[in-house]
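Note sheet for the following structure.
The values are calculated or read from the model by the stated rules, or taken from the named source; none is laboratory data. Note that this is a predicted model, so its numbers are computed, not measured. Counting neighbours? That spans all protein chains shown, and the Cβs are built from the backbone with ideal geometry, glycine included. These area figures cover heavy atoms from the full protein model, side chains too; ligands, DNA and RNA do not enter into them. Shrake-Rupley method; radii C 1.70, N 1.55, O 1.52, S 1.80 Å.
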Amino acid sequence: MVKEKACKKCKLIVEGPNCPICKGNEFANVIQGKINFIDINNSIIGQKMEKTHNGRYAIKIR
Ligand SMILES: [Zn+2]
């Protein structure tokens, strides 16, 4: 199983070497809670979290 990591900037859960949204390469390995946005434009939670891209995000990272 691939160890999941979350982008420190936008909290997107990333499998590759770079974040596809912000192109960042700093990741947090401790993920507490996940949320999956499939229709970000109609998601109140997504807008509250100021997300603009669909995908899986960590709620809290360390
Ligand atoms: Zn990012």
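Give, as a single signed number, the net charge of other residues whose beta carbon lies under 15 Å from the beta carbon of residue 19, with Lys and Arg counted +1 and Asp and Glu -1.
That sum, taken over residues with Cβ under 15 Å, equals +4.
Can you give me the accessible area per residue for the chain, using a 1.4 Å probe, in Å²?
Normalised by residue count, the accessible surface of the chain is 73 Å².
Can you tell me which lysines have their Cα less than 17 Å from the Cα of residue 34? Leave out same-chain residues fewer than eight positions away.
Partners within reach: 3, 5, 8, 9, 11, 48, 51, 60.
Mind listing the Cα extents of segment 5-61 along all three principal axes, in Å, largest one first?
Its Cα atoms span 29, 21, 15 Å along the three principal axes.
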